[in-house]
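Comments concern the structure below.
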Amino acid sequence: MGLVSLLIGSGCQLVGYDVIVGPDQTSLDGSTLPFDAGELSLLDARGDGASRTDAEHAADPDGAASESGTPDTGLGSRDAAVDAGAACSGPQNACGGCTVLTATPDKSCGQCLLGRYTCSGPDAVVCTGGDALPVASSSALLIDDFEDGDAYAKAGNGLDGFWYAYSDHTAGTISPPDGSQITPAFMGAAGTTRSAHIVGSGFTGFGAGLILWPNSQHCGFDVSALRGIGFWIKGSTSPVRMSLATPQTLDPKYCGTSTKCKDFYAATFALTSTWTHYTVAWSSLKQGGWGTPVAFVPSQLLYIQFDFGPNLDFELYLDEIGFY
């Protein structure tokens, strides 16, 4: 039976199944992150939450005017929206006003497309819940076991990105081709039947490798409640580096010029023809030292990559990868 883990994002609850297949499974305490859905409160036009006085209400029983004396265009001003729509020279917008809206109500929004646009008065929309990123619970979470035969991360675990090959675009060769999704090989670790596979040679720039964005929106994924990452690998004798990208190592706002960015937190592993299992704690990852020193922030994981340096012949099989 698999271990159930919850991923909590604004407005959604995603459930993941299974754990990493490792030689020694460690029992977790099963605790979950506290979750506060938050509250939405509406303020008056002054923004101080004060209620209208009896005199103001008597003078304006239908609430058509705000405390500031201007037409109320906030939520709940249905009559005002109808009046505004009646005066439109063209059709009303989806919120009842005359202005062309920047987005359509009820469409997905936010960095991870978890939020929804809602009306904010008759002539504006606001993204509700759009800034929240997916959060992993403190239970182990399988990223992929490749048994389903496709390039996508494990279905049902809250991750919807896919694995693909990449290179530095020099005169080398890689299979699958640069930018293409992988097709899992019929060879698996720990009694399983399939794994990710890439093979190549001849790249003279920064090299080539295998990459996964945890979700298709290329937004962050919070794994700060977990301790590290584990996987099985085998392949050629060339060493492979496992790297974790975060905004701190990608965004010039943190790492400065492009020549000082992409010094990811990483660890390097030898490859042999025998399947070997590794677990890597966040605390053991290190930058290469050539880029801008920044902190590792597991709450903002962007992508995972396994890469080979230049001028190497390489082959990699990867299986049963997950967070622990």
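Taken together, the values in this text are just the output of simple stated rules run on the coordinates, not laboratory data. Owing to the predicted nature of the structure, the values given are computational and were not obtained by experimental measurement. Note: ideal-geometry Cβ built from the backbone for every residue, glycine included; neighbour counts use all protein chains shown.
Taking 31 Å as the limit for the C-alpha separation, the pairs Lys234/Lys286; Lys234/Lys262; Lys154/Lys262; Lys107/Lys260; Lys253/Lys286 exceed it in the case of Lys107/Lys260.
Over region 143-323, the fraction of Cα-Cα pairs per 5 Å bin, rounded to whole percents and listed from the shortest bin up, is 1, 9, 17, 21, 22, 18, 9, 2, 0, 0. Positive-end ranking of Trp232, Leu244, Gly288 along the dipole of region 143-323, with charges on Cβ about the Cα centre, is headed by Gly288. Structural descriptor for region 210-304: relative contact order 45 percent, calculated from alpha carbon pairs under 8 angstrom and at least 6 residues apart. Spin-label model, Ala190 to Thr257: label points 7 Å out along the Cα-to-beta-carbon direction sit 4.5 nm apart. Per-peptide packing, taken as the mean over residues of other Cβ atoms within 10 Å, places 255-266, 303-314, 286-297 in the sequence 303-314, 255-266, 286-297 from highest down. The listed peptides 273-280, 200-207, 316-323, ordered by packing as a protection proxy, come out as 316-323, 200-207, 273-280 (highest mean of other Cβ atoms within 10 Å first). The mean sequence distance of close C-alpha pairs (under 8 Å, at least 6 residues apart), as a share of the length of region 143-323, puts its relative contact order at 30 percent. For region 201-276, the Cβ-based charge dipole about the Cα centre amounts to some 120 debye (Lys, Arg positive; Asp, Glu negative; other atoms uncharged). Put simply, the convex hull of the Cα atoms in region 126-235 casts, on average, a shadow of 9.1 nm². Compared with the alpha-carbon gap, the fully stretched path from Val126 to Asp313 is longer by 62.1 nm at 0.36 nm per residue.
Every Cα-Cα pair of region 283-324 was included, and the share exceeding 11 Å stands at 81 percent. Given +1 at the Cβ of Lys and Arg, -1 at the Cβ of Asp and Glu and no other charges, the dipole of region 192-324 around its Cα centre is 220 debye to the nearest 20.
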